[in-house]
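Quick notes on the structure that follows.
What follows draws every value from the coordinates through simple rules; no lab data is involved. It should be emphasised that the depicted structure is a prediction, and the values quoted were computed from it without experimental measurement. Every residue, glycine as well, gets a Cβ built from its backbone with ideal geometry; the counts of neighbours run over all protein chains shown.
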Amino acid sequence: MYDYAIIGAGVAGASLAFELAATGSVVLIEAEKQPGYHSTGRSAALFTPNYGNGIVRSINALSMPFFVEPPEGLARQPLLTGRGLLTVAPPGQEDGLDKIAAAAADDAPVHHLPPSEALSLVPLLRPEVVSAALFEPGVMDINVDALHQGYLRRFKTLGGHLMCDARVLELVRSSGHWIIETGDKTVEAAIVINAAGAWADHIGAMAGAGPIGLVPKRRSAIVVDAPEGLNIHALPAVDMAGSEAYFKPEAGRIMASLGDETPTEPQDAQPEELDIALAADWLQRHTTINLRRIEHSWAGLRSFVSDDVPVVGFDNALDDFFWLAAQGGYGIMMAPTLAQASRSLIKLNRLPDDFEDRGVSQKAISPARLAEQLEPTLMQSSD
Ligand SMILES: Cc1cc2nc3c(=O)[nH]c(=O)nc-3n(C[C@H](O)[C@H](O)[C@H](O)COP(=O)(O)OP(=O)(O)OC[C@H]3O[C@@H](n4cnc5c(N)ncnc54)[C@H](O)[C@@H]3O)c2cc1C
């Protein structure tokens, strides 16, 4: 019998497991043999302070101190390293840069660069696609593995129990606690936390909670060799204004994505051949990379609810079922803050003070705000 059972050991579940382990007994239940097999292991690993809506940006800003100075013993390497982001406007898309510049936070400034400087910063860009450019120095690479493994290691040191290869199949509430069936094991806990990523609405349905209207969206990426002789480690990430497409250095190669967002069922996402071909074509039209072959390709799921804000809080109807879901394309950078927020909500029923100071209310991230939105839709569909 545990105080807390967390379902899903991606970065969301692992970070909250660490936060709660000092306060009670915690079991972290993961369906796969390896935690991080799904979205957490398939991200672009960027800390992008000016990405996402206002609430997401506030949450990201709150995460920064953790990344710079993680708790004692959590990280053996720096969690962030400088990368920078160059956003390039092809002819006709220059206005897009002004909008990005106007929306940039004061503590995450951007500045315009003449096309010639943009091209010397990223020499493999084709000059004809660079009509104007913007540079954001505050974008960082996140060492996702160090963060995720650090959370898991510290969680176990604090007495937490990680169960892998244990897919939750059934959740039953009996005599004031939860009975969790994983096939060959049964676990009992006072509070269940749903950190199941793309499967969060499935877990909610098992518990008789929600739904929150979660939509997993597939995003694909290709990895190709960089041109010989170019120091690609020093390159910034590159975004294309007017589209979601981007490329960035990754482990000595170039990773590129069209930024596709195809709604899909929760699953072990695989890239479609067409998406791979389109990404390769885009890369060749925008850079001078002589693309002979694709080294590697992959896809992952970014899961959103209707307002693109994460869902953090106790279920509307079940006061012992907690949601930590819908982190979209920002779940790595938001993880430290959302885990601290979850701990505070679970233990004290309120958010840490700095949330309110940043304009993030308990209601704005609660499952309750979605229940209000979803109710009319559900009623219509049952008519
Ligand atoms: C292509 C791509 C690029 C991205 N780029 C960035 C980026 O640059 N920066 C950023 O911050 N974020 C980025 N993200 C988003 C980020 O990866 C996610 O928001 C984050 O990983 C979500 O973490 P999670 O723990 O909720 O989900 P997951 O890592 O998917 O973990 C959920 C876990 O729940 C488990 N689970 C599900 N059902 C059950 C069950 N029944 N029983 C037991 N376990 C179960 C799954 O096996 C899984 O391991 C990107 C995502 C993608 C796909």
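Couple of notes before you dig in:
- Cβ-derived FRET efficiency at R0 22 Å, Lys33 paired with Thr186, nearest 0.05: 0.65
- Tail fraction, Cα-Cα pairs, the range 135-215, threshold 14 Å, whole percent: 73 percent
- In percent, rounded to a whole number, the relative contact order of the range 226-326 is 16, using alpha-carbon pairs under 8 Å and six or more apart.
- Among Thr262, Thr48, Thr87, the residue with the largest mean-square fluctuation in a Gaussian network model of the chain, with springs joining Cα atoms closer than 10 Å, is Thr262.
- Largest-first principal axis extents of the Cα set of the range 1-109 (Å): 61, 28, 27
- Highest GNM mean-square fluctuation among Val68, Val311, Val223, for the chain modelled with Cα contacts below 10 Å: Val68.
- Relative to the longest principal axis of the Cα atoms of the chain, the long axis of helix 368-382 lies at roughly 90 degrees.
- Put a dot 7 Å past the Cα of Glu273, heading toward its Cβ, do the same for Gln77, and the two dots end up 3.6 nm apart.
- Contact order relative to length of the chain, as percent, for alpha carbon pairs under 8 angstrom and 6 or more apart: 22 percent
- Rg/Rh for the chain stands at 0.98; both radii use Cα atoms, and Rh follows the Kirkwood definition.
- Separation of the Glu265 and Val223 label points, Cα + 7 Å toward Cβ, nm: 2.9 nm
- Nearest-ten-degree value, helix 331-348 long axis tilted from longest Cα axis of the chain: 20 degrees
- In summary, the convex hull built on the alpha carbon positions of the range 251-383 has an orientation-averaged projected area of 12.2 nm².
- Comparing mean-square fluctuations of Gly328, Gly92, Gly300 from a GNM of the chain with C-alpha springs under 10 Å, the top value falls on Gly92.
- Label-point separation in nm, Val68 to Asp95, each point 7 Å along Cα→Cβ: 3.7 nm
- Every helix of 4 or more DSSP H residues in the chain counts as -39500 (n - 2.57), and over all residues that averages to -9500 deg cm²/dmol at 222 nm.
- P(r) of the range 224-302 over all Cα-Cα pairs, binned every 5 Å from zero, in whole percent: 3, 13, 26, 26, 18, 9, 4, 1, 0
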